Amino acid sequence: MTPEITILAIESSCDDTSAAVICDGFVLSNLIANQAVHKAYGGVVPELASRAHQANIVPVVSQALAAAGKRADEVSAVAFTRGPGLLGSLLVGTSFAKGFALARNIPLIAVNHLQAHVMSHFAMEHGKENRVPEFPFLCLLVSGGHTQLIVIRDHLSMELIGNTIDDAAGEAFDKCAKVMGLPYPGGPVIDRLAADGNPDAFHFAKPRIQGLDFSFSGLKTSFLYFLRDRVGEDPDFIARNLNDLAASLQRTIIEILIAKLVRASKETGIREIGIAGGVSANGGLRRAAAREAGKRGWNLFLPEFRYTTDNAAMIGITGYYSYLKSDFTDHSVIPVARIDT
Ligand code: KG4
Ligand code: ZN
């Protein structure tokens, strides 16, 4: 009998401290400690994030091992997020992973956070149907820091075919939410408000960007100026129209994303389609993608909600496929804030 491959995975790129245990490609546990400390500041404060990771990491790892029913000496390798992300946050996860690997004399696996978001589509769970995409697979990665179109030819072989030239889609949600006085992160709040709003109430300028690239900074500016003018006429304009504003903004962002996804599918001829990253939790985006899938014969993959935002399970799944290829890193590895893809 071949021995089990058990990966302990650590994710600490932003404001969530997460640990997961993956065994032979199946997620046994996936724990996330959210950092409430940033709420009061309307965004993630890097210094506070690294301190909170430092406080959370040991208990989160212990809980992940306990929930998986695994002991530390049963772990085959440690996978951790190397970047992109906040350097101080990444340092906590990286140092912990190195310490664990050194103490147990097991391999260390460095994981690209963006690749891991895409790999969340391959997270399998016991007792579930576990539908996974076939290759080649086209993925729209939409998070707080990135908006990309990626062709996946094999588990770890990915090609970037489209990228944002300025803000990310999640950033557009968050910045516009902030302008409306909504709490951080704004994406989920806008999603909830939009459910009771009219998506055609207001119209905002959409970018005209060539090819498969995206742009969201113009939308943010157009939204800001629109609100400034309207609030000048009626100080209660935002409060009176909150649901319609959220729904109209969300519709605009979704239309920009779906138009490029459709174009990418046509250009590559790929109809195995997935959406990943925090914004893939958006109800409107999921419905719009499902509509396109029905119309265009796509085989659509939408990750479970727990795998949309940052989580260590996706790091562990990527680590598992790296393990199969003996793609290990040595202890001189350092985290990186940016990874040029
Ligand atoms: O993937 P993620 O957790 O972290 C990054 O790697 O950036 O994505 C976080 C982003 C935030 O911008 C957040 O507002 C957005 O995902 N987000 C959403 C929703 N849930 C999270 N945006 C729209 N609708 C949602 N339901
Ligand atoms: Zn992320």
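Here the stretch 227-335 is treated as an ellipsoid with the same Cα gyration tensor; its semi-axes, largest first and in whole Å, are 37, 22, 12. Per residue, the accessible area of the stretch 113-200 comes to 40 Å², computed with a 1.4 Å probe over protein heavy atoms only.
Working from label points 7 Å from Cα in the Cα-to-Cβ sense, the L160 to D196 distance is 4.1 nm.
I want to verify a result. In a Gaussian network model of the chain, Cα cutoff 10 Å, which of these has the top mean-square fluctuation: S326, S18, S89? Largest GNM mean-square fluctuation: S326.
Per-residue Karplus couplings for the stretch 102-108, computed as 6.51 cos²θ - 1.76 cosθ + 1.60 with θ equal to phi - 60°, are listed in order as 5, 4, 9, 6, 10, x, 10 Hz, Gly and Pro entered as x.
Annotation for the stretch 1-99: GluC sites (Glu not before Pro) lying in DSSP loop with at most 11 further Cβ atoms inside 10 Å of their Cβ are E4.
Restricting to DSSP H runs of at least four residues, report the calculated mean residue ellipticity at 222 nm for the chain, -39500 (n - 2.57) per run over all residues, nearest 500 deg cm²/dmol. The helix-only estimate for the chain comes to -14000 deg cm²/dmol at 222 nm.
Across the chain, Cα pairs under 8 Å and at least six residues apart give a relative contact order of 24 percent. Separation of the alpha carbons by more than 18 angstrom is noted, of K266/K295; K206/K260; K178/K206; K260/K295; K178/K220, for K178/K206.
Think of each Lys and Arg Cβ as +1 and each Asp and Glu Cβ as -1; about the Cα centre, that makes the dipole of the stretch 1-129 roughly 280 debye. Between amide H atoms placed 1.01 Å from N, distances below 5 Å from N299 occur with E272, I273, all of them 5 or more places distant or on a separate chain.
For K128, the lysines whose Cα comes closer than 24 Å to its Cα, not counting residues fewer than 8 places off in the same chain, are K70. Just report the Cα centroid separation between the stretch 262-341 and the stretch 42-72, whole Å. Here the two parts' Cα centres lie 23 Å apart.
Take every DSSP beta bridge whose two residues both sit in the stretch 137-302; close to 60 percent of them are antiparallel. In this view, the solvent-accessible surface of S62, computed with a 1.4 Å probe and all protein chains in place, comes to about 60 Å². Just the protein heavy atoms count here, and of the accessible area of the chain at 1.4 Å, carbon and sulfur take up 51 percent.
Treating the angle as unsigned and between 0 and 90°, give the value, to the nearest 10°, between the Cα long axis of helix 169-179 and the longest Cα principal axis of the chain. That helix lies at roughly 50 degrees to the long axis.
In the chain, inverting the average of 1/r over every pair of distinct C-alpha atoms gives 20.6 Å as the Kirkwood radius.
Among the trypsin sites (Lys or Arg not before Pro) found in the stretch 234-341, those both in a DSSP coil and sparsely packed, with 13 or fewer other Cβ atoms within 10 Å of their Cβ, are K325, R338. In order along the stretch 215-229, the Karplus-derived 3J(HN,Hα) couplings, from 6.51 cos²θ - 1.76 cosθ + 1.60 at θ = phi - 60°, round to 8, 10, 6, x, 4, 4, 5, 4, 5, 4, 5, 4, 5, 4, 5 Hz, and Gly and Pro are given as x. Can you find, among S322, F237, P59, the residue sitting farthest towards the positive end of the charge dipole of the chain, where Lys and Arg contribute +1 and Asp and Glu -1 at Cβ? Towards the positive end, the residue furthest out is F237.
Share of antiparallel DSSP beta bridges in the chain, in percent to the nearest 5? The answer is about 60 percent antiparallel. Between V336 and G83, the built amide H atoms are under 5 Å apart, and every one of these is 5 or more places off in sequence or on another chain.
Looking only at the stretch 69-168, where both bridge partners belong to it, what percent of the DSSP beta bridges are antiparallel (to the nearest 5)? Expressed as a percentage, antiparallel bridges in the stretch 69-168 total about 70. Ignoring aspartates and glutamates fewer than eight residues from K325 along the same chain, the ones with Cα atoms less than 13 angstrom from its Cα are D154. Note on the chain: dipole from Cβ charges, positive end direction compared against M180, T268, V333; the farthest Cα belongs to T268.
Placing dummy labels 7 Å off each Cα toward the beta-carbon, the span from R287 to A36 is 3.2 nm. Computed on the Cα atoms alone, the convex hull of the stretch 1-126 gives a volume of 108 cubic angstrom per residue. Computed from point charges on the beta carbon alone (+1 for Lys and Arg, -1 for Asp and Glu), the dipole magnitude for the stretch 137-302 about its Cα centre is near 400 Debye.
Across the stretch 287-293, computed HN-Hα scalar couplings (Karplus, 6.51 cos²θ - 1.76 cosθ + 1.60, θ = phi - 60°) run 5, 5, 5, 5, 4, 4, 4 Hz from first to last residue, x flagging Gly and Pro.
Between L28 and V21, I22, C23, the built amide H atoms are under 5 Å apart, and every one of these is 5 or more places off in sequence or on another chain.
The values are calculated or read from the model by the stated rules, or taken from the named source; none is laboratory data. None of these values were measured; they are calculated from a predicted model. Ideal geometry is used to build each Cβ from the backbone, glycine not excepted, and the neighbour counts take in all protein chains shown. With ligands, DNA and RNA removed, areas are computed over all heavy atoms of the protein, side chains included. Shrake-Rupley method; radii C 1.70, N 1.55, O 1.52, S 1.80 Å.
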